[in-house]
Structure formats: C-alpha cells, structure tokens
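Asker: Submitted below is the structure of interest, expressed as structure tokens.
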Amino acid sequence: PRIVFSGIQPTGIPHLGNLLGALFNWVKLQREAAPEDKLIYSIVGWHALTLPQDPKALSAARSDMLAVLLAVGLDPERSIIFHQDDNLHHAELAWILNCLTPMGKLKRMTTWKVRVIPLHALAKLLTLLKSRLAASRNARDDSEVDESLLNAGLFTYPVLQAADILAYRATHVPVGEDQQQHIELCRDLAEIFNRTFKAKRPLFPLPQHVVTTSCRVLSLKDPSSKMSKSSPDLNSRILLTDTPAQVHSKIRGAVTDSQMGITYDPIERPGAANLLNILAACTGEEVTAVAERYADKGHGQLKADVAEAVEELIKRPRAEFERLREEKAYLAAVAKEGAEKAQKLTEVTMREIRTRIGLV
Ligand code: TYM
C-alpha cells in the first residue's frame, strides 16, 4: 500500500501554481487511492516560521489553509488532514535527523542559497568599496560572509521537511518541481538513518517524488521564474480567491511574445508555453494537442480561453472556501481529529526510532 504525504505552508491564499502543482493532485490521489492506501496532508506552520510572520495573520492563515484543503475536495474521512504543529513528533524527529545531517548538504540547498547569495554579493561589494576607499591593494578579500543574520531554521528547513515525510514512513510525496531537491535530501537522510541504525529491516522506505504535468507554473509577468507567493507583483499570480474579472484581467495581461501563431516552445516562448500548460492542466489534455488546436490562432484567443478554463476550475473551490472559512467550529473539529490520527501513526514509528538510536 502507498503512504502519501505532502504539506503546504500557511502563508496566504494559494495561487494557481500551488493548486495545479500540488493541491489538485492531492485530491486526484485521494480519488484514485486503494482502500488500504494512506493519505496524509499537513499544514506546515513550523516551516512558515522560517520567515518573519505576524502572529495574528499567521493564525488566520493557518485556519484558512485548512478551509482551502477541504474546499478543493480533500475529505477528512478519506485523508488525514492536520496541522503539523499539532503533532510534536515532527519536531522530535527533525532534531534526531539534524544530528545525522552533514552541514554541506544543507549549504547546497537552493532555498538556502537564494538567501545566502545576495549576502555574498553584498559582502563582495562592500569589500570592493572599502578597498577603493582605502586605495590599498592589500585590502583583505573578505569572502567569509556573515550568515549570522539568517535564522538557523531557514538552514535546517529541509530537515524538518524530511521529518514530516519520514515520521509516517511515506512512500509517495506529491509536490511541485521546486521541492525536488528537498525530496532528494529526504531520501538521503532515510538512507543515512537506515545505514547508521541497522536492524533486521531498514526502517524507512525511500519516498518517491510524485509530480503533475503542470509541476512548474510560471509567473504571468516574468515567465523566467515560477509563480510564487513572494513576488511583489500581484498580477504575476492568480489566487484561489480572485474574482472572475481579476482572473480575466491577469491572464489578459500575461507576458507572451510577438510571434504570429502559437507553438509549444518552453525555451524560446516560455510565456505562451506556460499558458498552454495551464490550459492543458485545466482540461486534462496533452499540451501538444492543445498547442495544435491553437497553431493558427492568436494570443488573444488563447488568453481568453485560458481565463475561461481557469475560472471554471476555481469557481467551485472558491465558493466552498468562502463558506468554509467561517465555519470555525467545524474546522476546529476536523483539525482535532486529524491531529489525533496523525499522532497515532507517528507514535509507532517514533517508538521504533527511539529504540534504534538508544533513547529508551
Ligand atoms: P509551499 O507551501 O511553498 O508550496 C506548496 C506546494 O505548491 C507547489 N508549488 C508549485 N507548483 C507548481 N508551480 C508553482 N509555481 C508552484 N509554487 C509552489 C510546491 O511545490 C508545493 O508542493 N516545503 C514545502 C512544504 C512542505 C512539504 C513537507 C511538502 C513541508 N513539509 C513534506 C511535502 C512534504 C513548501 O514550502 O511548499
């Protein structure tokens, strides 16, 4: 049987990338699951703490994300839906894994590097300025960067993610392409643990990355980068809560190119390719088949149809979300039940882990 685990940060209303790359796939896995499969979906509040959060806003986002998961079609009877921070075993296992994780592996993680590289650049610039000012040729090249401003949680973030997955001995992890490196680290840590604490059978299976065809939805304003929650340009992403008018206007404003006709060329024409991918994901067709239909049409027609398809896709979950987010008592009951089920599953694994490492 499969054990599916995935998580999403409670950092605001999900965008089309979260929906197509992850959440709708979670629902699809739920629909296709065999009765003995386990599906476990978590709202990962501890991961959100790696960036500064306003406590009031975080608390609201935490509750809203649970409403989103139910609104898109996850069923608490079928899937375990819970808040990561309600199951302390994740933190316990994260600590144990931290003590098995080489720092070098974490330094190579993209999520860390995108924070550290700007610091490196700044340090280089400062050194340059200093040496110019002093006009001295032997000014020290200060390549040693001050990472001390970054919090340690950001550094060990992928280890907590590995703990989320391994605590359930998950076999399948449905996430977008941006999470691939984290899943690889998780497999590495599973292997290290299995090797270090050998018993009759290895404790952890090596989890597989499950991707959708739309595992990388691009920014509508800059198709060289992925659609993300953190871009300052609100028109670069479509949110689950966008009105039909907003959906249409954001897609009408998507950056494409000035070539005539439509072809699917992710390298040379990433903007159009992104729209074709989105349309294919909405209609369930192959992207090449979609592209053929638009070969002789213009970008205007493609955009109008994409907007229509996206609106159709989010219409129901959007209405469901608006209704469910107000149902505080129901949400609390779902969270409580989910937490109990999650703890029960991880208790068994944690007992085995504590025995293997000698903390009993
Ligand atoms: P998060 O909260 O950033 O994103 C949630 C999911 O959305 C996917 N995603 C995208 N997919 C396609 N195109 C995009 N533009 C796009 N942007 C985001 C992400 O790949 C992800 O699947 N570290 C994780 C949360 C996490 C987790 C876990 C996931 C914590 N523990 C254990 C799996 C297993 C994260 O920050 O996702």
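Throughout, read-outs are computed from the coordinates displayed, never taken from laboratory work. It should be emphasised that the depicted structure is a prediction, and the values quoted were computed from it without experimental measurement. Please note: Cβ atoms are built from the backbone with ideal geometry, for glycine as well, and neighbour counts cover all protein chains shown.
Asker: Provide the per-residue ³J(HN,Hα) series for region 187-192, in order, calculated from phi with Karplus coefficients 6.51, -1.76, 1.60 and θ = phi - 60°, each as a whole number of Hz, with x at glycine and proline positions.
Answerer: 5, 4, 5, 4, 5, 4
Asker: List the trypsin sites (Lys or Arg not before Pro) within region 187-276 that DSSP assigns to loop and that have no more than 11 neighbouring Cβ atoms inside 10 Å.
Answerer: K198, K200
Asker: I would also like to ask the following. For F82, what is the net charge nearby, where nearby means another residue's Cβ is under 15 Å from its Cβ and Lys, Arg count +1, Asp, Glu -1?
Answerer: Cβ neighbours under 15 Å give a net charge of -2.
Asker: Taking H as built 1.01 Å from N, whose amide H comes closer than 5 Å to the amide H of G7, not counting residues under 5 places away?
Answerer: Distant-sequence amide H within range of G7: S42.
Asker: Roughly how many debye, to the nearest 20, is the charge dipole of the chain about its Cα centre, given +1 on each Lys and Arg Cβ, -1 on each Asp and Glu Cβ, and no other charges?
Answerer: 1020 debye
Asker: In addition: Just check region 305-360 against the gyration tensor rule for me: Cα atoms, a ≥ b ≥ c as the square roots of the eigenvalues, rounded for a/c under 1.5, and otherwise prolate or oblate depending on whether a/b exceeds b/c. It would help to have the intermediate numbers written out before the result.
Answerer: On the way: a/c = 6.94, a/b = 2.30, b/c = 3.01.
Because a/c hits 1.5 or more and a/b fails to exceed b/c, region 305-360 counts as oblate.
Asker: To make sure I understand the rule: partners must be aspartates and glutamates, Cα under 17 Å from the Cα of K124, and not fewer than 8 residues away in the same chain. Which ones qualify?
Answerer: Partners found: D141, D142, E144, D146, E147.
Asker: Ok, one more. Based on the alpha-carbon gyration tensor of the chain and its eigenvalue square roots a ≥ b ≥ c, which shape applies: rounded if a/c is under 1.5, prolate if not and a/b is larger than b/c, or oblate?
Answerer: oblate
Asker: Would you mind computing, in nm to one decimal, how far apart the modelled labels at E326 and L88 are, each placed 7 Å from Cα along Cα→Cβ?
Answerer: For the pair E326/L88, the computed spacing is 3.7 nm.
Asker: Checking the a/c ratio against 1.5 first, then a/b against b/c, what shape does the Cα gyration tensor give for region 194-343?
Answerer: Oblate shape, in that a/c is at least 1.5 and b/c is the bigger or equal ratio.
Asker: Among T241, T346, what is the fewest-to-most ranking by other Cβ atoms within 10 Å?
Answerer: Values: T241 17, T346 24.
Lowest count first: T241, T346.
Asker: Distance cut-off 19 Å, Cα to Cα: go down the list K28/K229; K28/K341; K38/K344; K56/K113; K221/K250; K56/K328 and report the pairs above it.
Answerer: Working: K28/K229 23 Å; K28/K341 22 Å; K38/K344 13 Å; K56/K113 29 Å; K221/K250 9 Å; K56/K328 16 Å.
In this structure, K28/K229; K28/K341; K56/K113 lie more than 19 Å apart at Cα.
Asker: Just to confirm a number: summing +1 for Lys and Arg and -1 for Asp and Glu over residues other than D233 whose beta-carbon lies under 11 angstrom from that of D233, what do you get?
Answerer: +2
Asker: Going by how many other beta carbons lie within 10 Å of each one, how would you line up S249, S258, S42, fewest first?
Answerer: Working: S249 13, S258 5, S42 25.
Ranking S249, S258, S42 by Cβ neighbours within 10 Å, fewest first, gives S258, S249, S42.
Asker: Under a 5 Å amide H to amide H cut-off, with H placed in plane at 1.01 Å, what residues pair with L39 once short-range neighbours are removed?
Answerer: Placed amide hydrogens put V4, I80 under 5 Å from L39.
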